[in-house]
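This report concerns only the one structure given below.
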Amino acid sequence: MGNGPIRWDTGRDCMLKDKSILLGVSGGIAAYKAAEIVRCFVKAQAAVQVVMTANAREFITPLTLQALSGRPVLTNLFDLEHESRIGHIEAARRADLVVLAPATANLMAKMASGIADDYLTTILLATTAPVLVCPAMNVKMFEHPATQRNLSTLRELGCHVLPPAVGSLACREEGTGRLADIPDILEASRRLLTAPSLAGRRILVSAGPTWEPFDPVRFISNPSTGKMGYALATVAARRSGEVHLVSGPSTLAAPQGVRLSKVVTAREMQESVLALAPGMDAIVMAAAVSDFRPTEEAPQKIKKIAGEEAVRLTRNPDILAALGRSRPGGRHQVLVGFAAETENLIENAREKLIEKNLDFIVANNLTQSGSGFGSDTNQVKILDRDGTITELPCLTKEEVAEMVMDRVEQQLGKGEHDDAVRED
């Protein structure tokens, strides 16, 4: 089965591309950050409509946000030009997502009470789009029981709340109240625009390198940064999967909503992965696990000496092979591997696919430009057990992760069908 390669024509668009985002800006000092939020949404090729309260205009001008968004900013509920078409209803209906950043205590109190006395609050009563609330205020204001009650009410009403960050505030106090970081606002927006196709599914992803020490300050490793694995975990969580990421040493921040287990060595990764594996619906092993470790680890730093120093190596456990041997009976568990090669890509990847008992394998040639360790892009081939090869163009690692998770979902659906047939 499966003969020639299947070529993918284009990469997947970002979740924000061509989406209509309504950004509501209320009157707090964090309103100045709205300019950067608009810029980021526009860069992602979203259409941004800004709506400002009267107080917000005391902190940042509508002209600034209009220049960045390329659209007139909505401020006046009684504007003859826009409201001749009942503009606030039109704006409410057009939005795919409403983002309130910053959301002040005053705005949240109005929302919780159903008050609609300006352009923004009127839209909020009229929209059926998801609403992302990003609070920003003084720590005491945020902790006040009335504010907390209003936040609870907003959640009950179906709003999504992105908690504020902890740190130094404009009032020179420390605590919870800073507007969430802009990358977190963007990611929360992507999740609200993504179908929850992995809801109820448990996904395990491994990422990063392993470090195999031969003394307290030196180790054997590889150039992996973890970018591919972290992208996979991000995409799976964005689709509402329950994601557990087992990561070797990496400087990357843990993706939103992902459980992170940090390990260092291959044996630590093996212990963590095998402990979690039985309860998982899918396992994607993207980590670059060191194949060897020093046979002995010196208790102190090895000093330079005249002549040559030899280090004896021992083979590390094959985690992927162990997973392939121990797949749970009674239900289908999807198992995916990665193959990073410098030669004979297809042959080596196909051998690994069969030998490790995988559902499919993602292969890339490390010698190819824009592919492999440390790069923000990857160019891969996906090999299925039936012999089909799907060739992807050079994509961002997040786009590759989208394609891989699409294939995981297909395999999960196939497994459910097979289980139903066996029960019949």
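The values are calculated or read from the model by the stated rules, or taken from the named source; none is laboratory data. Just so we're clear, the structure is a prediction, and the values are computed from it rather than from any experiment. Note that each Cβ is placed from the backbone with ideal geometry, even for glycine, and that neighbours are counted across all protein chains shown.
Laid out as a table, the results:
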| read-out | value |
| --- | --- |
| Enumeration of residues in the range 360-408 that are crowded, with 20+ Cβ neighbours inside 10 Å and on the phi > 0 side of the Ramachandran plot | 372 |
| Positions within the range 61-106 being in contact with a helix residue (DSSP H, G or I) (Cβ under 9 Å, 6 or more places away or on another chain), of a type in the set (Val, Ile, Thr) and at pLDDT 90 or above, in sequence order | 64, 73, 75, 98, 99, 104 |
| Residue list for the range 118-143, restricted to those being assigned to a helix (DSSP H, G or I) and either among the aliphatic types (A, V, I, L, M) or in contact with a strand residue (DSSP E or B) (Cβ under 6 Å, 6 or more places away or on another chain) (or both) | 119, 120, 123, 124, 125, 126, 139, 141, 142 |
| Residues (surrounded by 14 or more Cβ atoms within 10 Å (Cβ to Cβ) and under 14 Å from residue 137 (Cβ atoms)) located in the range 172-186 | 175, 176, 177, 178, 179, 180 |
| When residues of the range 315-350 are limited to those that are within 11 Å of residue 363 (Cβ to Cβ) and among the acidic types (Asp, Glu), the one farthest from the chain's Cα centre (by Cα) | 347 |
| Those residues of the range 296-347 which are polar (S, T, N, Q), surrounded by 11 or more Cβ atoms within 10 Å (Cβ to Cβ) and farther than 30 Å from residue 202 by Cβ, in sequence order | 342, 344 |
| Count of the range 282-340 residues which are in a loop (DSSP other than H, G, I, E, B), farther than 21 Å from residue 229 by Cβ and touching a residue at least 60 places away in the same chain (Cβ under 8 Å) | 10 |
| From 122, 128, residue being loosely packed, with under 15 Cβ neighbours inside 10 Å and either β-branched (Val, Ile, Thr) or in contact (Cβ under 8 Å) with a residue 12 or more places away in the chain (or both) | 128 |
| Test result for residue 281, acidic (Asp, Glu) and over 27 Å from the mean Cα position of the chain (by Cα) | no |
| Residue 348 vs. criteria within 22 Å of residue 321 (Cα to Cα) and in a helix (DSSP H, G or I) | yes |
| Which listed residue, of 286, 266, 275, 310, is in contact with a helix residue (DSSP H, G or I) (Cβ under 6 Å, 6 or more places away or on another chain) and small (Gly, Ala, Ser) | 286 |
